[in-house]
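The values are calculated or read from the model by the stated rules, or taken from the named source; none is laboratory data. Note that this is a predicted model, so its numbers are computed, not measured. Neighbour counts are summed over all protein chains in view; Cβ atoms, including those assigned to glycine, are modelled from backbone coordinates with ideal geometry.
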Amino acid sequence: MALRTLGTAVTKQQLLLAAGDVVCIALALFLSNLVYIGYQLGYGLYSHLVLTAVPSLFIITIHMVFFYFTDVYDLKQDLLSMRHFAAVVLAIGLSLVFLGLCFFMFPGLRYGRAVMFIHVLFLLAFVMAWRHIFVKLARIMRGGKTLLIVGMEKCTSDIAKECLAPGQQSYRLIGYVPANGNSDGEAVERVPRLGSPEEIEHVVQAHKVQEIVLSPSAEKNGALVRALIRLGYNGVVVIDAVSFYERLTGRIPFDHLTDIWLLSQTLGNVRFFQWRVKRVMDILFAVVGLVLGAIPLALAMIAIKLTSPGPVFYRQERLGRNGERFTLIKLRTMIPDAEQHTGAVYATDDDPRITPIGRFFRKSRLDEIPQLWNVLRGDMSLVGPRPERPEFVAQFEKTIPYYTERLAVRPGITGWAQVSYPYAATLDETKQKLQYDLYYIKNMSGLFDCLILVMTLKTMLFAKGR
């Protein structure tokens, strides 16, 4: 489950591009050593490579980390554009600065400056050359699995639109077959009707369909279901629309959920990881985070005092697991008594109540360091749905189906919804974030939590929060 979740966030094309970059970095290191050692000594290359094996692995790791942090693996951008070239140059430059500091602090990792200079020249050439090769390979891979939709209604039309979205390369949607004899009412442009329900086996054979997405209404057509069973026996994957949407987007579409689907997916089942291992991880990370964050927290407290009147900390009642109330602690980022005249309202991008220094704290997430105390107390977890205010929960549970399901687990300082979707300031945005929360609750695991923490670190370092 964890690997499948990771696959939602990282596509096969991204993994291939990253693997090629690892080869490029390693090859650049090897050739830079070959040029330098060959020029200086003419021999001893093998011994030199053995002695520098650990620093080389460290260099490869640092390069890959900064490649990730600078969005080098965003396949929605043109990999041959100047913008992407600039991102690669920035990643390599930041890597060199970081490596220089590490070499200074830890002499055992040190690499020769001449070797690193030659390495950078090779690396830049290899990485960009690999992108030209990758673009050609991607064109071959882009076809993806051949997909057919059975029953074009609201849920499956949303899937069709996701499949046609730019950057989606895992599936090639060829068309749909209605769930009954008549044409469905949710037809999507560029998705042709390929036949009637009675012709589905012929359609699958003619178009070499590998996977079929089944709409809820299709389950009511007995003859169609029996035909799908035969296709399943012959190797065609048949999957319900909600499960496929979850796999494709990393969200669970609550608008199309049923109680039976939730029950069958064991959404509310107690798991060992959730209640035991996760709690141990929370305590360990919270202690380490409070120790490492002590100095930044102290500096932030001083900055708040110097730039804005009022208390340093902000306390507010939130709902935790099973709806239990607790007091959340954050650094204050708004003016004192910000809701005195407005009542409980969401913050917006240009909210005048946010102080200038508070805006920086929100983007860098420094304002959330005190919440580690809530984690130690057991009110929160490091990773989970955003802790919500009782006033908003009371409002949303009346208008958003399955909203209270997010209270089945401890809320988190960060979470799948927080790193996948902007801050929710409207009802529609709250609905979108709920889809991510439900996905996390269903698929929570140690590997998934680690992925979310890495994505959060990226947000903090590049101030992409809100």
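Looking at Ile452, Ile413, which is the one that is buried (at least 21 other Cβ atoms within 10 Å of the Cβ), within 21 Å of Arg332 (Cα to Cα) and of a type in the set (Val, Ile, Thr)?
Details: Ile452 fails: within 21 Å of Arg332 (Cα to Cα).
Testing whether each residue is buried (at least 21 other Cβ atoms within 10 Å of the Cβ), within 21 Å of Arg332 (Cα to Cα) and of a type in the set (Val, Ile, Thr) leaves just Ile413.
Where helices (runs of 4 or more DSSP H) fall wholly inside the range 27-141, the ranges with 1 or more residues that are at pLDDT below 80 and either touching a Pro at 6+ places or on another chain (Cβ under 8 Å) or within 26 Å of Ala165 (Cα to Cα) (or both) are 82-105, 113-141.
Every condition in (1) under 30 Å from Gly235 (Cα atoms); (2) buried (at least 18 other Cβ atoms within 10 Å of the Cβ) holds for Lys145 except the one numbered (2). Are any residues in the range 352-373 crowded, with 20+ Cβ neighbours inside 10 Å and closer than 16 Å to Val288 by Cβ, and if so, which ones? Answer for the range 352-373, where residues must be crowded, with 20+ Cβ neighbours inside 10 Å and closer than 16 Å to Val288 by Cβ: Glu368, Ile369, Pro370, Gln371, Leu372. When restricted to residues that are hydrophobic (A, V, I, L, M, F, W, C) and in contact with a Lys or Arg (Cβ under 8 Å, 6 or more places away or on another chain), the range 187-238 contains 2. Considering only the range 381-391, I want to know if a residue exists there that is among the β-branched types (Val, Ile, Thr), surrounded by 18 or more Cβ atoms within 10 Å (Cβ to Cβ), in the same structural domain as Gly293 (by TED's automatic domain parsing) and outside any loop (DSSP other than H, G, I, E, B). Yes, there is a match, as at least one residue in the range 381-391 is among the β-branched types (Val, Ile, Thr), surrounded by 18 or more Cβ atoms within 10 Å (Cβ to Cβ), in the same structural domain as Gly293 (by TED's automatic domain parsing) and outside any loop (DSSP other than H, G, I, E, B). Inside the range 309-359, residues that are within 22 Å of Gln395 (Cβ to Cβ), modelled with pLDDT of 70 or more and either touching a Cys at 6+ places or on another chain (Cβ under 6 Å) or of a type in the set (A, V, I, L, M) (or both) make up a count of 3.
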